[in-house]
Amino acid sequence: MNRFPFNKLMLVILAALVICGSAIDSAAMGPADTAQMPQRPLLRVGVMPNYPPMIFKLNNKITGMETDFAFLLGDALNRDVTFVELPFTELINALMEGKIDIVMSGMTVTQARQVRVSFTDPYLKIGQVAMMRVQDASKYSSLMRIRECNGSVGVIKGTTGEAYVRANFPKASPIITVKDAREAPDLLNNRRIELFVYDAPAIAWLVSENETTLKGFWEPLNDEYLAWAVNRDDQALLRAANTALATWKKAGTVNQLVKKWLPYWKTSE
């Protein structure tokens, strides 16, 4: 039997150790390397998820039309989306303070809000509508009768619906503010309010959940437009969002998303 030279044996052992060491290092470094992979910058989206079907929670997960738009925008900007939940009345302040990058929460464009933020081009035309008990439908059968309601009217605090009711319902007493539209069905069914006034998409959703007891009057009290708000100093984001929105409108994507969440909705596209 030939003897294996000692120096060659040592070279084989050293080579084996190097290979094993490299494998161990690779296994140990694998997760670390993955964690250190460059990530896309965050797009911090401010939301108040209490407005189905625009933005709401289902099984503790934020969903809705605005969520779909947010992820589309994140891909268009090459940024990862993270949702920041805040009360609706705090969203604009958070935007101005740099805590969020954009508000995508069913926000209506108003002159008052435009003083503090910049709005993208609108993506949906809506209006305020009234919800009532089924048995009161004949009582509130016209816009005039709705505006002349001399009972209690429910609204969401800090919204254009509240502003509209306070300006155009002179006989309403009292005006009851709530934080979440999902409180409205109980308030109506328990006769704590006569009417509930809010954005048409939300009223349509609530009526669909309570169709045996509640009814909507679908002629809008006014015309409003939904858009996304950005910091007035972030004109680059405003331009990028408008560019993406224009592309989606041309491609029919906006219309598809509206129909997905509001299948009965009439769009201009």
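Only the coordinates and a few stated rules stand behind these numbers; no lab work does. Just so we're clear, the structure is a prediction, and the values are computed from it rather than from any experiment. Every residue, glycine as well, gets a Cβ built from its backbone with ideal geometry; the counts of neighbours run over all protein chains shown.
Could you put VAL197, VAL258 in order, starting from the residue whose Cβ has the fewest other Cβ atoms within 10 Å?
Fewest-to-most Cβ neighbours within 10 Å comes out as VAL258, VAL197.
Under 5 Å between amide hydrogens, which residues at least 5 positions from VAL178 or on another chain qualify, with H placed 1.01 Å from N in the peptide plane?
VAL155, ILE156, LYS157
Please work out whether the range 124-214 counts as rounded, prolate or oblate from its C-alpha gyration tensor, where a ≥ b ≥ c are the square roots of the eigenvalues and a/c under 1.5 means rounded, while otherwise a/b larger than b/c means prolate and anything else oblate?
The shape class here is rounded.
Would you mind computing, in nm to one decimal, how far apart the modelled labels at GLU211 and ASN59 are, each placed 7 Å from Cα along Cα→Cβ?
Once both label points are built, they end up 2.4 nm from each other.
Whole number please: convex hull volume per residue, Cα atoms of the range 76-126, in Å³.
Spelled out: Cα convex hull of the range 76-126, divided by residues, is 105 Å³.
What are the ³J(HN,Hα) couplings of the range 102-107, residue after residue, when phi is run through the Karplus curve with 6.51, -1.76, 1.60 and θ = phi - 60°? Round to Hz, x for glycine and proline.
7, 9, 10, 9, x, 8
Would you please name the GluC sites (Glu not before Pro) within the range 167-225 that are DSSP coil residues with at most 16 other C-beta atoms within 10 Å of their C-beta?
On the way: sites: GLU183, GLU194, GLU209, GLU211, GLU224; in loops: GLU194, GLU211.
Filter output for the range 167-225: GLU211.
For the range 187-269, give the magnitude of the charge dipole about the Cα centre (Cβ charges: +1 Lys/Arg, -1 Asp/Glu; no others), in debye to the nearest 20.
240
Excluding LYS99 itself, calculate the net charge of residues whose Cβ lies under 10 Å from the Cβ of LYS99, where each Lys or Arg counts +1 and each Asp or Glu counts -1. Walk me through the intermediate numbers first.
Details: positive: ARG44; negative: GLU90, GLU97, ASP101.
Once all neighbours under 10 Å are counted, the net charge is -2.
Label point 7 Å out from LEU143 along Cα-to-Cβ: which residues of the range 152-171 have amide N under 19 Å?
So the set is 160-171.
Report, to two decimal places, the Cα Rg of the range 219-269 normalised by 2.2 N^0.38 Å (N = number of residues).
So the range 219-269 has a normalised radius of gyration of 1.38.
Exactly which chymotrypsin sites (Phe, Trp or Tyr not before Pro) in the range 171-242 are in a DSSP loop and have at most 16 other Cβ atoms within 10 Å?
Working: sites: PHE196, TYR198, TRP205, PHE217, TRP218, TYR225, TRP228; in loops: TRP218.
Those satisfying the criteria are TRP218.
Ranked from highest to lowest mean number of other Cβ atoms within 10 Å per residue, what is the order of the peptides 133-139, 60-66?
60-66, 133-139
Placing unit charges on C-beta atoms (Lys and Arg positive, Asp and Glu negative, everything else neutral), compute the dipole magnitude of the range 102-177 about its Cα centre in debye, rounded to 20.
Using only the charged Cβ atoms, the result is roughly 120 debye.
Using 7 Å Cα-to-Cβ label points, what is the ARG166/LEU187 separation (nm, one decimal)?
Here the answer is 1.4 nm between the modelled labels.
I'd like the FRET efficiency for ILE175 and ASN78, computed as 1/(1 + (r/R0)^6) with the beta carbon distance as r and R0 of 45 Å, rounded to 0.05.
0.50
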